[in-house]
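The values are calculated or read from the model by the stated rules, or taken from the named source; none is laboratory data. The shown structure was predicted, so the numbers you read here are calculated from the model rather than taken from an experiment. When we count neighbours, we look across all protein chains shown, and the Cβ atoms used for this are built from the backbone with ideal geometry, even at glycine.
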């Protein structure tokens, strides 16, 4: 699924383009929405921890990996934006 309101800058041969990012279709399911409500508090605490530690680059990947781990504990096989957008580099 491509969400038009989620875009990123892409640099191709020194030219910048805005492209829509793909998201995991599972995000539209009731199973996912229920799991997100269950893990929201843990996920928010982890985001604050990352922000305090401020490792700089890579925080989004650490956050996505934690989200994937917590969703897996709820039985949801969620794919991160990195997994859904091969060839796109996230900071």
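Do we find that residue 19 is modelled with pLDDT of 60 or more, out of contact with any helix residue (DSSP H, G or I) (no Cβ under 7 Å at 6 or more places or on another chain) and closer than 24 Å to residue 87 by Cα in this structure? Yes. Tell me which residues, restricted to region 70-88, are out of contact with any helix residue (DSSP H, G or I) (no Cβ under 9 Å at 6 or more places or on another chain) and either without any contact (Cβ under 8 Å) to a residue 40 or more places away in the chain or part of a loop (DSSP other than H, G, I, E, B) (or both). Result: 72, 85, 86, 87. Report yes if some residue within region 26-49 is modelled with pLDDT of 85 or more, in contact with a strand residue (DSSP E or B) (Cβ under 9 Å, 6 or more places away or on another chain), surrounded by 11 or more Cβ atoms within 10 Å (Cβ to Cβ) and not in a helix (DSSP H, G or I); otherwise report no. No, the conditions are met nowhere in region 26-49. The set of residues from region 51-68 being at pLDDT 85 or above and either over 9 Å from the mean Cα position of the chain (by Cα) or closer than 23 Å to residue 33 by Cβ (or both) comprises 60, 62, 63, 64, 65, 66, 67, 68.
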